[in-house]
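The values are calculated or read from the model by the stated rules, or taken from the named source; none is laboratory data. The shown structure was predicted, so the numbers you read here are calculated from the model rather than taken from an experiment. Please note: Cβ atoms are built from the backbone with ideal geometry, for glycine as well, and neighbour counts cover all protein chains shown. SASA here: full protein model, heavy atoms, side chains in, ligands and nucleic acids out. Shrake-Rupley method; radii C 1.70, N 1.55, O 1.52, S 1.80 Å.
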Amino acid sequence: MANNYFFRIPCMHMDEIIWTAELPPEKGSWYTAVDYVINDLGIFAKIEKRSKKSGTTAQLWGFRAGKNKVKGADYLAQIQGRKALLWQKITEVICGDQQIIVRGNRQTEIILFCTPENFSDVSDMIQRMTTSHPAEKGASREAACWLCWEQDEDWETGESLDAMIEAERNGGKRFIEDDILEETILS
């Protein structure tokens, strides 16, 4: 019989770095926007494909292609995904030229596209937090909750990543299956 767990994400606040990277930088009709939050829990990313709003026809075509109008913004957006990686589940950090690759759990990888202004702050915070939160090799219900959060499809286009993280922290309990829990075991 499978062991299934419920777990609530604890709520506490510390330093936070929040930014958005546009790939390629917004020039044409579409681009990918990656929102990042680094906080006391770990590293989070949300990916959306965006295009400029330009007239009713473009908005209707965008809606038919899965792009939704974002309230209070001048673009349409299509959800691509989100990722979460807790500090104690990070196994590798590779710093490049304004880019940092962070790996953890069994298969999680987040590529951080930094700005020249925030690269040293981001890399310093990652170094500080991974040092103060050593890797935990065993299964983690908390990390499994965030893996489930990644897979949720009940979030709104244009919703801020910070608000999504807070909603998860303050939300209800999650049903965790064994296979998701196993994804948090480090080799």
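Structural remarks
- Greater than 23 Å apart at Cα, pairs in K89/K173; K46/K137; K83/K137; K83/K173; K49/K89: K46/K137; K49/K89
- Ligands, DNA and RNA are left out, and with a 1.4 angstrom probe the accessible area of segment 65-187 is 51 Å² per residue.
- Modelled spin labels at H133 and N170, positioned 7 Å past Cα toward Cβ, are 2.1 nm from each other.
- Karplus-derived HN-Hα couplings along segment 128-144 (A = 6.51, B = -1.76, C = 1.60, θ = phi - 60°), whole Hz, x at Gly and Pro: 5, 6, 5, 5, 7, 10, x, 4, 10, 6, x, 4, 10, 5, 4, 5, 5
- Restricting segment 101-130 to trypsin sites (Lys or Arg not before Pro) in coil, as DSSP defines it, with at most 15 other Cβ within 10 Å: R106
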